[in-house]
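Since the structure comes first, as structure tokens, the remarks are kept for the end.
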Amino acid sequence: MTDAPEYIPGLAGVPAARSSICLIDGSVGKLQYRGYPIEVLAERCSYEEVAYLLVFGRLPTTTQLDEFRNQMIAERGLKFRIIDLLKTLPESGEPMDALTAAVAAMGMFYKGDHISDPEFLRLSVIRLLAKVPTIVAAWDRIRKGDDPIKPSTELGHAANFLYMLEGKVPTSLAVKVFDVALILHAEHSMNASTFTARVTGSTLTDPYAVVASAIGSLAGPLHGGANEQVLSTLDGISDRSANGIRRWAEDRLARKEKVMGFGHRVYKVKDPRATILQGLATQLFAKFGSTPEYDVAVELETQMADLVGGKGIYPNVDFYSGIVYQKLGIPTDLFTPIFAISRVAGWLAHLLEQLEGNRIFRPTQIWVGEADRAFVSMDERS
Ligand code: CMC
């Protein structure tokens, strides 16, 4: 007789792939893309360079990067019918839902066989990287009653997104900070949305369906959606003294409520991305002044370390990202779509890896229901 397989909730610790894209050692806060430390990539690279590294597995030469950038610039625009589609959606709707709808619709406009045609697959990757930011910015304008701003053909990826929101060329500091934020969110191994992308991709459906499904997964408050909730959490702390913040945290923990922006399945120390984002926030504050939320955040981090640091619960990437985006003047409900703008590179890298030696995902289950039941006709049911 064989032993029944063990059920592991959330598949915690269960490998779902063999991968060479992202290495994490959560016990020491180590994060590497394709073997390069995140700290070095954040300091030395642009988002485009990191996207190339993730998707194609190596750092680009100058010529390769120029070609990649130019292809992305050429693909930034949206078909007018995608813009028309966005215009039909309710302006009070969630931006992540608008993004899912528009990306899924792209699959109807860009048809091809990504399995037998590598060039179609490569072009789909470029299109998705290039157009997701344009969709997010266009939706933000449309819901406010403004016309979308045409993408620039001169600005880099980060600068162009900020430009498409307001029509103003951003400062070099804003561009640098936003570019680093995009790099930090670009990939993170087998998180829920990446797993979703791999599962969807394993059915050999088109790349647009893969990314649309991953966006839906990212939207949840336990995943990418946490970044939007951190600011409202911080704003909801009325007594901002050290004692007041400690009492607030103790109350929350006593009620077994999660504090958004803390905790991680993999990291048992402070997320290295949170450390870099905190540094970016202080750069912005040096030029534009601090925010009250930041002081509350720093004190909350101290109090939480004392209360639950022993359980390995520390700030994750979402804790300081909202503070940075708020200082850049970005509306709160675009924080998660911005996560998607960045993470699309990781999803696509995983799609390409999944397609090499693909096998469809089809796990098993542990049956806990009744079996072999006698059917009861409608008039005999109570
Ligand atoms: N606040 C308070 N307690 C927490 C928190 C938190 N943020 N996170 C975990 N815990 C506690 C939890 O209550 C549980 O305690 P106990 O063992 O006493 O029941 C223990 O730690 C384990 O928690 P879990 O929810 O079983 O851990 P998980 O690995 O399943 O979940 C997580 C990881 C990120 C979903 C979780 O830490 C969480 O819900 N955090 C808040 C939401 C958040 O910030 N999400 C962003 C994650 S990072 C970016 C991303 O992936 O999108």
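The values are calculated or read from the model by the stated rules, or taken from the named source; none is laboratory data. The structure presented is a predicted model; accordingly, all values stated were derived computationally and were not measured. Cβ placement follows ideal geometry from the backbone for every residue including glycine, while neighbour counts extend to all protein chains displayed. When the accessible area is computed, the model is the full protein with side chains, heavy atoms only, and any ligands, DNA or RNA have been set aside. Shrake-Rupley method; radii C 1.70, N 1.55, O 1.52, S 1.80 Å.
Annotations for the structure displayed:
- Relative contact order (percent, whole number), the stretch 164-233, Cα cutoff 8 Å, 6+ residue spacing: 22
- Legend: residue pairs K131/K270; K79/K176; K270/K327, Cα-Cα distance threshold 27 Å; pairs beyond threshold, K131/K270; K79/K176.
- Note on the stretch 184-217 and the stretch 300-345: Cα centroid distance 21 Å, given to the nearest whole angstrom.
- Under a model in which nothing but the beta-carbon of Lys, Arg (+1) and Asp, Glu (-1) is charged, the stretch 226-327 shows a dipole of about 320 debye around its Cα centre.
- Normalised by residue count, the stretch 79-153 yields a Cα convex hull volume of 86 Å³ per residue.
- Cα gyration tensor shape of the stretch 236-296, rounded if a/c is under 1.5, else prolate or oblate by comparing a/b with b/c: oblate
- Shape call, the stretch 323-382: gyration tensor on alpha carbons, a/c limit 1.5: oblate
- Start at zero, step by 10 Å, and the Cα-Cα distances of the stretch 226-327 spread as 16, 51, 29, 3 percent across the bins.
- Computed lengthening from K150 to E6, 0.36 nm per intervening residue step minus Cα-Cα distance: 46.5 nm
- Cα gyration tensor shape for the stretch 92-207, rounded if a/c is under 1.5, else prolate or oblate: prolate
- From its DSSP helices (H runs of at least four residues, each -39,500 (n - 2.57)), the chain gives a residue-normalised ellipticity at 222 nm of -18000 deg cm²/dmol.
- Using only side-chain charges placed at the Cβ, +1 for Lys and Arg and -1 for Asp and Glu, the dipole size of the chain relative to its Cα centre rounds to 360 debye.
- Highest to lowest packing among 8-14, 70-76, 289-295, 331-337, scored as the average C-beta count within 10 Å: 331-337, 70-76, 289-295, 8-14
- Cα-Cα pairs of the stretch 149-276 separated by more than 21 Å (percent): 60
- Nonpolar atom fraction for the stretch 257-382, defined as the carbon and sulfur part of the 1.4 Å probe accessible area, stands at 53 percent.
- Probing with 1.4 Å while keeping every protein chain in the model, the per residue accessible area of the stretch 110-242 equals 36 Å².
- Average accessible surface for the stretch 330-382: 65 Å² per residue, computed with a 1.4 Å probe over protein heavy atoms with every protein chain in place.
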